[in-house]
């Protein structure tokens with residue numbers, strides 16, 4: 001099958017020759033795989049409010065991961081303060097909803113805008129500072145935001161946390177989950193378009209070498225800012241959805257630990273790969289939410305004296321996460337994306353086995369920081 | 001006259017004293033950070049957790065938790081130092097060495113992972129239990145500068161604060177001596193050029209272990225002078241679970257002093273202590289987290305306008 | 001076309017360029033040669049906007065571009081290659097060519113993200129142009145191969161393609177023949193001549209390959225220690241005593257160089273292309 005420009009077809013979805021018998025079988029298989037994925041996602045919403053709530057958490061984490069992926073995976077800038085961006089969106093969404101009574105969709109938009117704006121501020125700093133020092137300053141930025149902005153009394157609703165009430169139609173857990181799911185699907189689509197457009201290529205060039213990017217005509221300053229802004233907007237939406245999920249904004253939720261979790265899940269998932277990052281994020285969301293209520297794990301914790309058992313339930317997932325990260329860095333630097341690559345390639349119309357000289361997302365996070 | 005002294009003390013002396021004592025604690029961490037930066041070219045985010053682990057062991061020994069019988073304070077401190085050093089060594093053997101060819105970003109993320117790892121282990125042990133208070137050093141003796149122990153404008157301190165200053169001075173002196181010995185010079189040589197050092201016969205492997213053990217020891221010492229007088233909490237030095245810990249201040253202090261300079265690490269931390277003290281004072285109380293804003297601002301200014309810090313050189 | 005006047009730049013204690021002046025006329029192919037460390041790539045960096053010189057001016061088609069940012073220079077007609085292959089190593093050949101056409105992608109970022117019809121048809125155009133360049137350079141076979149697995153000579157050729165993709169008026173090529181044997185280098189020379197004729201290009205080359213410089217270049221500038229050592233036609237330069245001295249150093253080093261070239265024998269008449277730099281460093 002030719003892979004020249006003609007093969008793109010009009011919409012890129014149907015390739016010429018796709019209706020030949022053997023191609024039909026393969027494409028039929030792919031269609032089934034996609035349907036299966038969709039069915040699984042839908043099924044989460046049908047399995048009762050608890051499962052739906054876990055699904056919502058997973059969706060929010062996936063959005064956070066996708067947003068971090070834009071600056072870390074695509075543009076190669078290491079940010080350790082991402083929880084600050086998510087929190088900013090969460091804070092303002094809750095605030096405009098409760099203090100000003102704006103409707104839910106507007107609150108989401110406000111989350112996106114405020115997230116984007118704070119990210120742009122960080123981006124300005126990133127223009128002059130790079131590498132290790134950027135990691136440090138974003139870390140301090142995240143902490144500072146948590147200590148100052150999130151503690152302002154206008155936003156905190158007096159210590160107990162600002163409320164963020166869902167509209168009545170979204171109160172049922174499964175409905176809210178479907179809303180979150182839709183947002184994730186939407187962002188994934190936009191992200192896929194981003195990577196296939198000139199902006200996505202510009203990011204990749206910047207990550208590779210800023211001088212080379214400039215020689216190719218890329219306005220490095222502009223695109224770096226764009227990357228941060230887009231990242232911030234998605235982070236803001238994630239935060240807003242999170243506020244409405246818990247129906248409350250609590251500043252201390254967005255602490256240093258969360259910053260580490262975000263980085264961990266992006267790296268374990270495979271920075272630079274959409275599918276990998278989503279998989280990694282879901283894994284960590286499940287780790288934290290689901291495991292604590294998972295039967296066999298509970299029995300395991302029960303083997304220990306009560307206090308230790310409780311500690312294991314609460315903090316065990318963090319330990320597992322840290323170990324996963326270290327194992328990933330040592331043995332699987334491309335993250336889950338490496339394992340998922342054949343599947344992803346097949347499902348998007350390519351062969352299952354890699355042809356010679358195909359990209360493996362090996363160590364994309366590792367290239368993220370220039371000395 | 002006495003009243004004037006007291007009020008001068010109150011508005012200037014107290015913040016200075018406060019800032020310097022804090023700076024000593026941060027300086028100890030900062031020295032460890034700069035050491036690793038010179039040796040491996042990365043920021044060691046786990047530096048704080050070497051201290052927290054030391055604190056955990058020390059507190060357990062003092063309170064007789066887990067496998068420990070109740071032990072006297074000095075013994076507990078020594079155990080803590082050993083524990084912290086061991087953590088440093090373990091990190092080097094199991095994480096840094098295997099990843100030694102990896103790009104810096106990987107190592108950076110790895111140290112963050114190590115930090116989370118140690119913090120989780122501590123959390124598994126004590127969880128959210130805040131009842132384990134490490135006794136203030138030297139009992140409850142109180143001293144005062146710029147006034148008596150009871151006057152509001154005086155700087156009141158105890159042996160814990162004295163220890164912080166003494167430890168830093170001792171470490172600074174030891175550092176000067178150490179870096180003239182074979183081992184110290186070996187560390188400096190390897191940090192400049194491992195291949196050349198190897199050619200000259202320096203055992204790079206051993207030096208790497210030594211460097212990280214040293215970092216562990218320094219971190220442990222910092223943790224042990226941070227915890228007295230307060231409850232032990234998992235991740236206290238890094239602030240992973242507690243909000244902000246001395247680690248962040250140490251990083252900023254190290255940057256302020258110029259990351260390439262060991263004396264810069266404590267000069268920078270002391271300077272940061274003063275900035276934090278005075279800045280915190282003049283920040284309006286209506287702005288929450290004024291502290292954090294001041295140090296964030298400091299870091300921003302340094303990185304944007306004088307990235308080599310106060311004492312650093314362009315590498 | 002391109003006028004460089006008194007270009008000077010200093011890094012800390014090192015004066016990397018000192019009062020360099022060059023003139024490249026329209027449709028000329030000019031060579032920039034000199035021992036390693038002479039400052040040739042530094043000069044390129046100043047000309048293309050990667051570095052800002054301390055003194056001096058870069059004037060392109062009558063316009064002073066000394067302060068223009070690098071990506072804007074690419075927009076007004078500067079095409080460039082790098083010493084260590086300046087492309088996205090994790091991407092395929094065609095992807096790189098699409099990236100290089102960044103300025104030609106006639107749609108806004110927003111339409112790209114939304115996936116509008118306009119952006120999709122522009123993308124098809126970019127791909128078509130990329131394929132055309134691949135065909136021109138005989139690289140169609142490796143279209144969808146990730147470039148990190150390609151041989152070095154092919155990478156340099158592809159990089160030339162990326163420079164062409166920016167639709168330049170002047171090409172600055174940094175050692176385009178490195179990694180190529182005599183046959184390939186000759187082919188490259190033919191190609192560059194062809195490109196000059198076909199697209200009306202002007203070229204400035206950093207080169208070490210003597211036959212290529214001799215056969216291709218209309219004029220040559222020789223750089224040493226950041227200063228212009230000599231200039232003239234290739235024949236004049238070849239026999240210029242200062243140039244020969246700069247490359248071969250003193251007597252002892254000359255003997256070393258001769259012995260080394262005998263061992264290497266890679267570049268045809270390797271007198272200048274071979275080993276000893278003026279500091280005696282063996283290449």
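Among the residues of the range B:282-293, just one is crowded, with 20+ Cβ neighbours inside 10 Å and closer than 14 Å to residue B:272 by Cα, namely B:292.
Residue B:31 - would you say it is surrounded by 24 or more Cβ atoms within 10 Å (Cβ to Cβ) and modelled with pLDDT of 85 or more? So residue B:31 fits the description; yes. Of the residues in the range C:118-135, not one is more than 23 Å from residue C:26 (Cα to Cα) and part of a loop (DSSP other than H, G, I, E, B). Of the helices (runs of 4 or more DSSP H) contained entirely in the range A:181-275, those carrying at least 1 residues that are facing another protein chain (nearest Cβ under 7 Å) and in contact with a strand residue (DSSP E or B) (Cβ under 8 Å, 6 or more places away or on another chain) fall at A:210-215. Just one of the numbered conditions (1) more than 7 Å from chain C (Cβ to nearest Cβ); (2) touching a helix residue (DSSP H, G or I) at 6+ places or on another chain (Cβ under 7 Å) is not true of residue A:168: (2). Among the residues making up the range B:145-168, a single one is in contact with a helix residue (DSSP H, G or I) (Cβ under 8 Å, 6 or more places away or on another chain) and exposed (fewer than 13 other Cβ atoms within 10 Å of the Cβ): B:152. Residues that are surrounded by fewer than 21 Cβ atoms within 10 Å (Cβ to Cβ), within 12 Å of chain B (Cβ to nearest Cβ) and modelled with pLDDT under 85 do not occur anywhere in the range A:337-348. Filtering the range C:131-171 to residues that are facing another protein chain (nearest Cβ under 9 Å) and more than 17 Å from residue C:91 (Cα to Cα) leaves only C:166. Exactly one condition in (1) assigned to a helix (DSSP H, G or I); (2) within 26 Å of residue B:241 (Cα to Cα) is not met by residue B:43; state its number. Unmet for residue B:43, out of (1) assigned to a helix (DSSP H, G or I); (2) within 26 Å of residue B:241 (Cα to Cα): (1). Here is a check on your reading of the model: is residue A:114 closer than 30 Å to residue B:301 by Cβ and either away from chain B (no Cβ under 12 Å) or touching a strand residue (DSSP E or B) at 6+ places or on another chain (Cβ under 8 Å) (or both)? Yes; evaluated as a whole, the condition is true for this residue.
Which members of the range A:50-107 meet the condition of being without any contact (Cβ under 8 Å) to a residue 60 or more places away in the chain and on the phi > 0 side of the Ramachandran plot? Passing the criteria: only A:101. Those helices (runs of 4 or more DSSP H) of the range B:205-315 in which 2 or more residues are more than 14 Å from chain A (Cβ to nearest Cβ) and closer than 17 Å to residue B:172 by Cα occupy B:262-282.
Please enumerate the residues belonging to the range B:94-129 that are at the interface with chain A (Cβ under 7 Å from one of its Cβ atoms), assigned to a loop (DSSP other than H, G, I, E, B) and touching a residue at least 12 places away in the same chain (Cβ under 8 Å). Correct list: B:127 only.
Condition check ((1) at pLDDT 85 or above; (2) in a loop (DSSP other than H, G, I, E, B); (3) under 24 Å from residue B:74 (Cβ atoms)) across all residues:
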residue	(1), (2), (3)
B:138	no, yes, yes
B:149	no, yes, no
B:152	no, yes, no
B:156	no, no, no
B:165	yes, no, yes
B:168	yes, no, yes
B:172	yes, no, yes
B:191	no, no, no
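Condition check: over 24 Å from residue A:223 (Cα atoms), modelled with pLDDT of 90 or more and under 19 Å from the mean Cα position of the chain (by Cα). Does residue A:86 satisfy that? Spelling it out, it is not the case that residue A:86 is over 24 Å from residue A:223 (Cα atoms), modelled with pLDDT of 90 or more and under 19 Å from the mean Cα position of the chain (by Cα). Does the range C:95-110 hold any residues that are more than 21 Å from the chain's Cα centre (by Cα) and either modelled with pLDDT of 85 or more or within 7 Å of chain A (Cβ to nearest Cβ) (or both), and which are they? C:95, C:104, C:105, C:107, C:108, C:109, C:110 - these are the residues of the range C:95-110 that are more than 21 Å from the chain's Cα centre (by Cα) and either modelled with pLDDT of 85 or more or within 7 Å of chain A (Cβ to nearest Cβ) (or both). Of the strands (runs of 3 or more DSSP E) contained entirely in the range C:190-243, those carrying at least 1 residues that are under 15 Å from the mean Cα position of the chain (by Cα) and at pLDDT 85 or above fall at C:202-206, C:219-224. Checking the range B:67-87 against the condition returns no match, with no residue being within 23 Å of the chain's Cα centre (by Cα), surrounded by fewer than 23 Cβ atoms within 10 Å (Cβ to Cβ) and within 7 Å of chain A (Cβ to nearest Cβ). Is there a residue being at the interface with chain A (Cβ under 9 Å from one of its Cβ atoms), at negative phi and either in a helix (DSSP H, G or I) or surrounded by 21 or more Cβ atoms within 10 Å (Cβ to Cβ) (or both) anywhere in the range C:44-57? Yes - at least one qualifying residue is present in the range C:44-57.
Return yes or no: is residue C:127 crowded, with 16+ Cβ neighbours inside 10 Å, in contact (Cβ under 8 Å) with a residue 24 or more places away in the chain, facing chain A (nearest Cβ under 8 Å) and closer than 24 Å to residue C:74 by Cβ?
Details: crowded, with 16+ Cβ neighbours inside 10 Å: yes; in contact (Cβ under 8 Å) with a residue 24 or more places away in the chain: yes; facing chain A (nearest Cβ under 8 Å): yes; closer than 24 Å to residue C:74 by Cβ: yes.
Here the answer is yes, as residue C:127 does meet what is asked.
Each row is one residue, and each column tells you yes or no for (1) within 17 Å of residue C:168 (Cβ to Cβ); (2) over 16 Å from the mean Cα position of the chain (by Cα).
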residue: C:21; (1), (2): no, yes
residue: C:25; (1), (2): yes, yes
residue: C:31; (1), (2): no, no
residue: C:36; (1), (2): no, no
residue: C:53; (1), (2): no, yes
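The single condition among (1) within 14 Å of another protein chain (Cβ to nearest Cβ); (2) over 30 Å from residue B:297 (Cβ atoms); (3) not in a helix (DSSP H, G or I) that residue A:130 does not meet is (2). Here residue C:89 clears all of (1) in a loop (DSSP other than H, G, I, E, B); (2) surrounded by 19 or more Cβ atoms within 10 Å (Cβ to Cβ); (3) within 9 Å of chain A (Cβ to nearest Cβ) except the condition numbered (2).
The values are calculated or read from the model by the stated rules, or taken from the named source; none is laboratory data. All values reported here derive from a predicted model rather than from experimental measurement. No Cβ is skipped: glycine too gets one built from the backbone with ideal geometry, and neighbour counts run over all protein chains shown.
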